[in-house]
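Laboratory data are not the source of any read-out in this text; all were calculated from the coordinates shown. A quick note: this is a predicted structure, and the numbers were derived from the prediction, not measured. Note that each Cβ is placed from the backbone with ideal geometry, even for glycine, and that neighbours are counted across all protein chains shown.
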Amino acid sequence: MVRTEINPYRRNISVTEQINELGEKRAKFVQLRQEKQLELDVINSDISSIEAQIANILMRKRSRKK
């Protein structure tokens with residue numbers, strides 16, 4: 001079998017470049033995921049605070065009825 005590839009080293013560089021590009025994309029997605037997770041944590045914290053306020057209001061109503 002005859003090799004038809006002119007410069008096999010060039011192919012390796014291309015693969016290395018592709019791997020680097022994918023690594024950069026992965027890093028961006030990981031950073032974006034971390035940012036979104038932080039936003040979700042803040043929202044969940046706000047929800048917990050609201051739920052606690054609702055529970056307090058309900059407890060006050062129940063204690064007033066007795």
### Summary
Pseudo-spin-label distance Leu22 to Ile50, built 7 Å along Cα→Cβ, given in nm, is 4.2 nm
### Candidate aspartates and glutamates - alpha carbon under 14 Å from Lys25, same-chain residues fewer than 8 apart omitted
Glu17
